[in-house]
Structure formats: structure tokens, C-alpha cells
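For reference, the structure discussed in these notes is given below.
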Amino acid sequence: MKTLNKVIVAILLSIVSIGWVSAQDFKIGLKGGINTSTIGGFKAMWDRMNEIGGGMLDEIGENYSTSYKLGFHAGVVAQCSFGNFFVQPELLFSQIGITEKLDGKTENSSLNYLQIPVYAGYKASVGLGLNLLAGAGPYLAYGISGTDEPFQKNEMFKRFDAGLSFIGGIQFHKIQITLGYDLGLIDMMDASGWKTLKDIAGLSSITNQNIKVSFAYFF
């Protein structure tokens with residue numbers, strides 16, 4: 001964990017240093033907002049295993065379904081602008097997870113990550129200081145806690161996650177409002193025998209998926 005913290009600090013300092021020296025406009029600020037997330041592949045895994053087991057899981061519980069779970073994100077953001085183009089690195093605490101329903105009971109599972117998305121994008125002025133913006137880029141994340149015991153003990157889910165992030169929205173002087181989407185590209189499942197089971201049963205990867213609405217204020 002100490003090594004990870006050093007790496008994160010080094011990455012952010014490098015980005016900030018480059019932006020400070022070369023950007024036409026450099027800003028730093030605070031960002032926060034709402035997450036609506038799920039874990040892709042969970043429902044498909046349940047249905048496939050039930051099919052292979054001849055309905056065995058129906059005895060455990062009927063009408064299993066998954067849906068998006070509400071959470072939040074908060075942290076710091078920097079923006080380096082080069083004319084109409086910009087690079088925007090962020091360091092966020094992000095609470096995501098999944099909502100599961102089984103036999104009329106609802107269970108919310110939260111997975112808390114330290115996340116670093118880095119966007120490259122374009123801002124188009126529409127006048128009076130208002131800009132439309134769109135960006136995309138990679139993200140890295142590390143799980144630091146969760147309500148699920150397997151996640152806390154690192155027995156079921158991998159701690160590290162990575163994927164692609166997309167944002168679109170508006171920026172008015174120091175204020176930015178965006179709608180974003182995080183698509184995990186790493187199979188989160190770390191349970192014993194998962195890769196073999198996945199290959200044999202034709203199961204899909206278990207990945208994080210998150211739709212987010214964000215508000216940022218630059219100083």
C-alpha cells in the first residue's frame with residue numbers, strides 16, 4: 001500500500017509539473033458527484049450456472065436480478081489546456097458496487113476504490129465563457145475497502161482495476177459539470193478455479209461499470 005501511494009503521488013506530480021510548465025492554462029480544483037454502478041457479468045454468471053445445474057440455483061432463490069447501485073465520488077482534479085485541447089487527471093475516492101435482489105430481498109454491495117482517471121479531450125466555445133467538452137482516457141483503480149467480506153479479505157475480487165473513462169459536459173469559467181462512464185476492462189473475479197470455470201462454462205468477465213454525474217470547481 002505504501003508503494004502504491006508513492007506511485008500515485010509520483011504520477012500526479014509528473015502530470016502537474018508538465019501541465020504547469022507547458023500548458024497555456026493550468027487549473028486545479030475539487031470534484032465530486034454521484035455514481036450509479038453495477039458489476040457486469042454477475043447476472044449472466046448466475047443464469048449460466050443455473051442452466052448447467054439444471055435449475056439447481058432455483059432451489060436457493062428465485063427471481064434473481066441485479067441493478068445499478070447508488071454511490072458517490074470525491075477528490076481533486078487538475079486541467080491542463082492547450083488551446084481547445086485539454087488533459088484532465090483526477091484522484092478520486094469512488095464508491096461503486098452492485099444491487100442484488102433475491103426472493104424479494106435487496107442487498108447492496110459497496111466496493112470503495114482509489115481511482116485515477118486521465119482524460120484527453122476537446123473544448124468548444126459557444127460564447128459568453130461557456131464551453132462544451134468531451135474527453136476520454138484510461139483509469140487505474142485500487143480497492144481499499146468494501147461491505148463485502150470477500151472483497152475486504154481479497155478472496156473473491158482483485159484489488160486492482162483498470163479500464164476506460166469517458167466524459168462529456170459543460171465548463172463555465174471555474175465550474176465544470178459532466179456526465180461520465182467508466183468501463184472496466186479487467187476481470188475482477190479472483191476466486192479459486194474461476195478461470196477454468198469461465199472457460200468451461202463460457203462465462204463472461206466480471207467487470208465494473210459506472211455511470212457518473214460530476215461537479216468540479218477550479219481555483
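Quick notes
- Cross-link pairs exceeding 24 Å between alpha carbons, from the set LYS69/LYS105; LYS123/LYS158; LYS105/LYS195: LYS123/LYS158; LYS105/LYS195.
- Cα-based shape type of region 60-219, given that a ≥ b ≥ c are square roots of the gyration tensor eigenvalues and the cut on a/c is 1.5: prolate
- Sparse-neighbour loop sites [trypsin sites (Lys or Arg not before Pro); region 66-166; at most 13 other C-beta within 10 Å; DSSP]: LYS153
Just so you know, all these numbers are worked out from the coordinates, no wet-lab data involved. The structure displayed is predicted, hence computed values, not measured ones. Cβ atoms come from the backbone with ideal geometry, glycine included; neighbour counts cover every protein chain shown.
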